[in-house]
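Engineer: So that we are looking at the same thing, I have put the structure below in structure tokens.
No value in this document is a laboratory result; all are computed from the given coordinates. All values derive from a computational prediction rather than experimental measurement. Heads up, the Cβs are rebuilt from the backbone with ideal geometry, glycines too, and the neighbour counts pull from every protein chain shown.
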Ligand SMILES: NC(=O)c1ccc[n+]([C@@H]2O[C@H](COP(=O)([O-])OP(=O)(O)OC[C@H]3O[C@@H](n4cnc5c(N)ncnc54)[C@H](OP(=O)(O)O)[C@@H]3O)[C@@H](O)[C@H]2O)c1
């Protein structure tokens, strides 16, 4: 089968399309013929040699959807021909509050979805929501799951709360906007580009600011009178602003740090405002199931920024690095 293989981590993006052995399902596993996959920031970090524990050669990619073509001996609840979406979180464990030490994500160190076929534990496949195309289904898993846990399981978003989502153009951010809107929260966003703010408004955001403007914090406070909940994946310098715009007793959920570590954290302000800071990573199998239910109930459609063919995956990763898109970048694999 054809697959995108990371060959070494010394050179940036040392990826090539290769003919590799088609996987065979062991006990408890299924083999899925992938129709489409999608990119995440994690793939960029792995391909550029910036992800701890990277092993080579490896097929990368965490997101995918397709059809089950074979099943292991003892698999009873998935059948050949099932149309499925893949939960990329492996070995979450039994505690819904925190992942186990054995937790890993598809695409490193386990072979991932940028391939024609993948083998995966049967418990990680879920019926594809019928209202989604293959490309839309492939765009959902990792970002949808991360957004669901951050906003709902951890953030406990409530109707009519003010929710701030920095970096509206990001892959997870578009789901955060859609999920928060579905639950009747007031959504505020920031972005580096007016076009992306406009896209966020179309998805249901109330208003947005350009984080490159020196006075974005003041503008946002004028528009909103402060936030009940901020869902952050930016970190860095911006983080102190999230404390400034938080209402008394508000919450901040952090699930990433695209801009790196947070300097000069204003602990006294956080303390005096009694702000709660919560960390969040991916999500449990239960979060995944609840996320799919929410998407089906509200007929939410993932936002796809652009599409590439499997052999164009290196270019797609570079496009993600340059922040060219609003929403997810999808890889087309088979008809
Ligand atoms: N913990 C987890 O389980 C988990 C899961 C998924 C992702 N993550 C992390 O979460 C982050 C986002 O992931 P993603 O896949 O959504 O990435 P992405 O699609 O690359 O989005 C990143 C976005 O960050 C925004 N941004 C950059 N600098 C900013 C700043 N100074 N202020 C506000 N926004 C800024 C940009 O928004 P604009 O384009 O609108 O300017 C960009 O689109 C990454 O760091 C990733 O590693 C963690």
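Engineer: Between residue 237 and residue 159, what length comes free when the chain is fully extended (0.36 nm per residue of separation minus the Cα-Cα distance, one decimal in nm)?
Structural biologist: Result: 25.1 nm gained on full extension.
Engineer: Can you give me the Cα centroid spacing of the range 130-191 and the range 30-100 in angstrom?
Structural biologist: Here the answer is 21 Å between Cα centres.
Engineer: Which values of log₁₀ I(q)/I(0), to two decimal places, follow from the Debye formula for the chain at q = 0.08, 0.11, 0.14, 0.16 Å⁻¹ with a uniform point scatterer at every Cα?
Structural biologist: Log-scaled intensity ratios, in q order: -0.36, -0.69, -1.09, -1.37.
Engineer: Going by a ≥ b ≥ c, the root eigenvalues of the Cα gyration tensor, does the range 14-72 fall in the rounded group (a/c under 1.5), the prolate group (a/b larger than b/c) or the oblate group? Walk me through the intermediate numbers first.
Structural biologist: Working: a/c = 2.05, a/b = 1.79, b/c = 1.14.
Prolate is the answer for the range 14-72, as a/c is 1.5 or above and a/b outweighs b/c.
Engineer: Let's test the formula: R0 of 30 Å, r as the Cβ-Cβ distance of residue 324 and residue 133. What FRET efficiency results, to the nearest 0.05?
Structural biologist: Numbers: r = 22 Å, r/R0 = 0.74.
FRET efficiency, residue 324 to residue 133: 0.85.
Engineer: Which of rounded, prolate, oblate describes the range 129-281, given a ≥ b ≥ c as roots of the alpha-carbon gyration tensor eigenvalues and a/c under 1.5 marking rounded, otherwise prolate only if a/b is larger than b/c?
Structural biologist: It is prolate, given that a/c is not under 1.5 and a/b is the larger ratio.
Engineer: At 7 Å along the Cα-to-beta-carbon direction for both residue 69 and residue 18, put a label point, then send me their distance in nm to one decimal.
Structural biologist: 1.9 nm
Engineer: Would you mind telling me the antiparallel percentage of the DSSP bridges in the range 26-123, rounded to 5?
Structural biologist: Taking every DSSP beta bridge within the range 26-123, about 90 percent pair in antiparallel fashion.
Engineer: Taking Cα centroids, how far is the range 287-322 from the range 216-265 in Å?
Structural biologist: Centre-to-centre distance over Cα atoms comes out at 25 Å.
Engineer: While we're here: So what's the back-of-envelope 222 nm ellipticity for the chain, counting only DSSP H runs of four-plus at -39500 (n - 2.57) apiece and dividing by all residues, rounded to 500?
Structural biologist: Here the helix-only value at 222 nm equals -7000 deg cm²/dmol.
Engineer: Hey, another quick one. Could you state the angle between the C-alpha long axis of helix 194-203 and the longest principal axis of the C-alpha atoms of the chain, as a value from 0 to 90 degrees rounded to the nearest 10?
Structural biologist: So the helix axis and the longest Cα principal axis differ by about 80 degrees.
Engineer: Measure nothing fancy, just the Cα-based angle from helix 171-182's long axis to the longest principal axis of the chain, in degrees from 0 to 90, nearest 10.
Structural biologist: Result, in degrees: 70.
Engineer: Can you order the peptides 50-62, 11-23 by their average number of other Cβ atoms within 10 Å per residue, highest first?
Structural biologist: Ranking, from highest mean packing down: 50-62, 11-23.
Engineer: Can you tell me the relative contact order of the chain? Whole percent, Cα pairs under 8 Å, sequence separation 6 or more.
Structural biologist: Details: 792 pairs, mean separation 64.4, N = 335.
Across the chain, relative contact order equals 19 percent.
Engineer: OK, next. Can you work out the PRE-style zone for residue 299? Point 7 Å along Cα to Cβ, and I want the residues of the range 177-221 with backbone N under 20 Å.
Structural biologist: 177-185, 202-205
Engineer: Which angle between 0 and 90 degrees, to the nearest 10, do you get for helix 285-297 versus the longest principal axis of the chain when only C-alpha atoms count?
Structural biologist: Compared with the principal axis, the helix lies near 80 degrees.
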